[in-house]
Amino acid sequence: MYPFTLERPASVADAVQLAGAGGKPLAGGQTLLASMKLRLSAPEQLVDLAGIPELTGISREGDAFTIGAMARHLEVANHADIRLAYPALADLASRIGDRQVRAMGTLGGSVANNDPAACYPSAVLGSGATVITDRREIAADDFFLGLFTTALEEGELIVAIRFPIPKRAHYEKLRQKASHFPLVGVFVAQYDDGVRVAITGAGNGVFRHAGLEAALNSSFTPESAAAVAIDSQDLNSDLHASAPYRANLIGVLTQRAVRQALG
């Protein structure tokens with residue numbers, strides 16, 4: 001690693017001030033520290049968010065869960081209320097990475113990083129969640145802008161994310177065994193105002209699939225999803241899987257997700 005200083009602010013206001021002055025926010029460190037060890041990133045100052053009480057906690061407010069940005073994956077996976085009311089979200093968190101990653105990784109860090117194969121962005125987009133920052137609230141549909149890119153402005157910090165509770169939902173993924181990232185992950189959620197289908201691992205960022213959503217709005221069945229043709233033209237093709245293979249996975253995993261959501 002390159003030399004750097006470590007700051008430990010005790011409030012969001014202090015963290016924002018440090019980030020605005022060029023400090024690099026440190027959440028769970030599962031991506032940042034690894035890139036620093038490889039000398040791919042060399043921030044001169046890290047701003048450790050772990051000691052800020054405002055960024056922690058999980059609460060239910062009506063028909064939505066508000067989860068602090070520094071909530072660890074294991075906290076979400078093991079939270080009794082989430083397991084009862086939104087089991088798809090708890091299940092997704094329980095299968096991120098390995099146990100060490102789940103113990104350290106955070107919701108806010110994952111969403112802010114927006115890795116194109118990360119699991120959490122699919123839950124945020126698939127839920128139609130709201131990203132709450134120190135400055136504003138951003139709808140999920142406006143938040144994810146592409147490869148490692150979000151609507152966050154310089155120095156802006158995620159404080160919490162609000163997840164509306166669906167009627168039913170499920171997350172399916174095919175895991176790449178070496179990295180534990182999904183080759184493809186599909187998050188399906190049905191609300192009173194319609195079905196949302198968010199896909200990760202297949203493109204340059206998480207995205208919704210309009211064709212699958214239209215089909216499932218018409219008939220929420222695996223057969224309806226199976227009838228949708230998945231275009232592979234804009235999907236990733238690499239040493240792990242070809243674009244046509246990922247297109248096939250999208251269809252298969254969506255069918256599985258719907259079947260599990262129906263119970």
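Read-outs: derived from the displayed coordinates by stated rules, not from any lab. Predicted model only: the values in this text are computed from it and were never measured. All Cβ positions, glycine included, derive from the backbone under ideal geometry; neighbour counts span all protein chains shown.
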Original post:
Tell me, Glu137, Glu7, Glu172, Glu75 in order of fewest to most beta-carbon neighbours within 10 Å?
Top reply: Glu137, Glu7, Glu75, Glu172
Subject >> For the chain: Kirkwood Rh in Å [reciprocal of mean 1/r, alpha carbons] >> reply: 18.7
Original post:
Which order results if Glu61, Glu44 are arranged by neighbouring Cβ count within 10 Å, fewest first?
Top reply: Glu61, Glu44
Original post:
When the distances between all Cα atoms of segment 1-47 are binned every 5 Å from zero, what whole-number percent does each bin get?
Top reply: 5, 24, 30, 23, 13, 5, 0
Original post:
Among Ile52, Thr66, Ser35, whose Cα lies farthest out toward the positive end of the dipole of segment 34-110, if unit charges sit on the beta carbon of Lys, Arg (+1) and Asp, Glu (-1)?
Top reply: Ser35
Original post:
Between Ala80, Ala140, Ala189, whose Cα lies farthest towards the positive end of the dipole of the chain when Lys and Arg beta carbons carry +1 and Asp and Glu beta carbons carry -1, centred on the Cα centre?
Top reply: Ala80
Original post:
If each residue's Cβ is checked for other Cβ atoms within 10 Å, how do Leu216, Leu26 rank with the fewest at the top?
Top reply: Leu26, Leu216
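Test of understanding: what is the full-extension gain from Glu7 to Gln176, defined as 0.36 nm times their sequence separation minus their Cα-Cα distance?
Roughly 57.3 nm would be gained on extension.
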Original post:
So which trypsin sites (Lys or Arg not before Pro) in segment 150-216 are both in a DSSP loop and have at most 12 other Cβ atoms within 10 Å of their Cβ?
Top reply: Lys167, Lys177
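Tell me the net charge near Glu54. Cut-off is 11 Å between Cβ atoms, Glu54 excluded, with +1 for each Lys or Arg and -1 for each Asp or Glu.
Local net charge: -2.
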Original post:
In terms of Cα to Cα distance under 18 Å, which lysines are near enough to Lys177, apart from those fewer than 8 places away along the same chain?
Top reply: none
**OP:** Using the Kirkwood radius over Cα pairs, work out the Stokes-Einstein diffusion coefficient for segment 59-177 at 10 °C and 1.306 mPa s, in µm²/s as a whole number.
**Re:** 111
**OP:** Work out from phi, with θ = phi - 60° and the Karplus expression 6.51 cos²θ - 1.76 cosθ + 1.60, the ³J(HN,Hα) of each residue of segment 67-78, listed in order in whole Hz, and give x for Gly and Pro.
**Re:** 10, x, 4, 8, 5, 6, 4, 5, 4, 5, 4, 9
